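Laboratory data are not the source of any read-out in this text; all were calculated from the coordinates shown. A quick note: this is a predicted structure, and the numbers were derived from the prediction, not measured. Don't worry about glycine lacking a Cβ; one is built from the backbone with ideal geometry, like all the others, and counts go over all protein chains shown.
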Amino acid sequence: MRRVLREGIRMGMKLAQPVYGLNGQIVLNSGVDLTEFHISKMAELDIKYIYIEGEAQLIDVNDEAAQNARQEILLSAHQALDEVRVGKYVHTDGVKSKVLALLDDCCMHKEIQPLFTAMQTCNDYLFKHAVSGYFFAAMMGISRGLEGQRLHDLGMGALLRDVGMITISRDILNKPEALNMEEMAIVKKHTEKGYEILQRNADISLAAANCALQHHERFDGSGYPRGAKDSGIHEFAQITAIADVYSSMTATTPYRKALPVYDTLAIIEKAGAAYFNPELVQVLVSNVAIYPLGAVVRLNNQSVGIVHDYADELRTKPIVNITANAAGERVNQVLTIDMAINPALYIAEVS
């Protein structure tokens, strides 16, 4: 099944989904072979797109230039996801293989692959940020039980959420210091620009395009571009928004250092229902090891230890084997601290 914009509708195409009229009634049912009459009727009703049977156009395996570009993108994605796995404490490599397979599928679409290339050549951070956010969105989608076309649409939307940035001046995108208010207003236009770009692409669903439009909307209506709130924000955009913020905060930019995972999650959790869907925040938390096993940590009493286990299912309360006291001296006998039963102690730093 693929989406076809009104301009591309032709006689003989077979509907894969019903076409609905202005009052919500079915005008044409799925399985109908389109005729000239059907097409003229849809034009009268201002139908902007339909879903037809058949696969979306894929890259020709004999097209060497396209295949080389695809391989370059996938290689860059592997490198970006390796950074995610090592530096951002994802629980399992199993999820990584699934999201890479999904990315490979996305790269095979003939009309979409050039957008990846444009993002990659536009700004190195932009592409890495796209892949990183895509990874966490897809991971959350898998945890939510998404599969098939729905997971594909989420992945596509998360990956291309910032495609509107390719319309922004390179001078602004690559500015080494913080943007001024006028420049920030220009950058904010990337949500609507991205939506327009994705809407013109017949291989991209409305759900995916909404990730570009709404990933800066906030649950309390304080976001942009339209101030949408709670259920007015598409579920996929809600997921993408959380993944986008997490990816951004845990990345180093020319004017800001990356925040540690535990600080990032604390900030996102504190934002809670104000900015994000709290249920989806917990999906992210359950997939990210705030304090990964084997991590060297410093407690608020200045003692140093290694994360040995967890006292809770969400892994927010680690069990630490102390290896050095507050003076920095190695301890002769390992002392185990369970954060769940020692509320006065907490992890101040993760190495």
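Restricting to DSSP H runs of at least four residues, report the calculated mean residue ellipticity at 222 nm for the chain, -39500 (n - 2.57) per run over all residues, nearest 500 deg cm²/dmol.
Only helices count here, giving -14500 deg cm²/dmol.
Aspartates and glutamates near K48 by alpha-carbon distance under 12 Å, same-chain residues fewer than 8 away left out - which ones?
E7
Of the labelled options [x] 23.4, 87; [y] 24.5, 115; [z] 24.8, 105, which one gives Rg and Dmax of the Cα atoms in Å as computed for this structure?
Label [x] holds the value from this structure.
DSSP loop chymotrypsin sites (Phe, Trp or Tyr not before Pro) in region 247-330 with at most 11 other Cβ atoms within 10 Å of their Cβ, which ones?
Hits after loop and neighbour filter: Y255.
When the Cα atoms of region 171-278 are enclosed in a convex hull and the volume is divided per residue, what value in Å³ results?
115 Å³
What's the FRET efficiency of I341 with H78 using the Cβ-Cβ distance as r and R₀ = 35 Å, to the nearest 0.05?
About 0.25, to the nearest 0.05.
Dimensions of region 296-350 along principal axes (Cα, Å, largest first)?
For region 296-350, the Cα spread along each principal axis is 32, 19, 18 Å.
Could you compute the net charge surrounding L15? Neighbours are other residues with a C-beta less than 11 Å from the C-beta of L15; K and R count +1, D and E count -1.
Within the 11 Å Cβ shell, the charges total -1.
Around K188, what is the net charge, scoring Lys/Arg as +1 and Asp/Glu as -1 over all other residues with Cβ under 13 Å from its Cβ?
-2
What do you get for Rg/Rh of region 94-246 when both radii come from the Cα atoms and Rh is the Kirkwood radius?
Result: Rg/Rh = 0.95.
Need the full-extension length gain, R10 to T117, defined as separation in residues times 0.36 nm minus the C-alpha distance. One decimal, nm.
Net length gain for the segment: 35.5 nm.
Past the 15 angstrom mark, what percentage of all C-alpha to C-alpha distances in region 2-52 do you count?
Numbers: 444 of 1275 pairs.
So the pairs more than 15 Å apart make up 35 percent of the total in region 2-52.
Multiply the residue gap between I26 and E313 by 0.36 nm, knock off their C-alpha separation, and tell me the result in nm, one decimal place. Kindly include the intermediate steps, with their values, before the conclusion.
Details: separation 287, 0.36 × 287 = 103.32 nm, distance 4.74 nm.
Gain in length upon complete extension: 98.6 nm.
Quick one: Karplus J couplings for region 113-124, per residue in order, coefficients 6.51, -1.76, 1.60, θ = phi - 60°, nearest Hz, x for Gly and Pro?
Rounded to whole hertz, the list is 3, x, 5, 4, 4, 4, 5, 5, 7, 5, 6, 4.
In the neighborhood of T336, defined by Cβ-to-Cβ distances under 15 Å, what is the net charge if each Lys or Arg adds +1 and each Asp or Glu adds -1? Could the numbers behind the result be given before it?
Working: positive: K317; negative: D309, D338.
Charge balance near T336 sits at -1.
Please identify every one of the trypsin sites (Lys or Arg not before Pro) in region 201-301 that sits in a loop by DSSP and has no more than 16 other beta carbons within 10 Å of its own beta carbon.
R226, K229, K257
Rounded to the nearest 0.05, what FRET efficiency do T253 and N300 give with R0 = 30 Å and r taken as the Cβ-Cβ distance? Could you check?
0.55
Most fluctuating residue of I322, I166, I239 in a GNM of the chain with Cα springs under 10 Å: which is it?
I322
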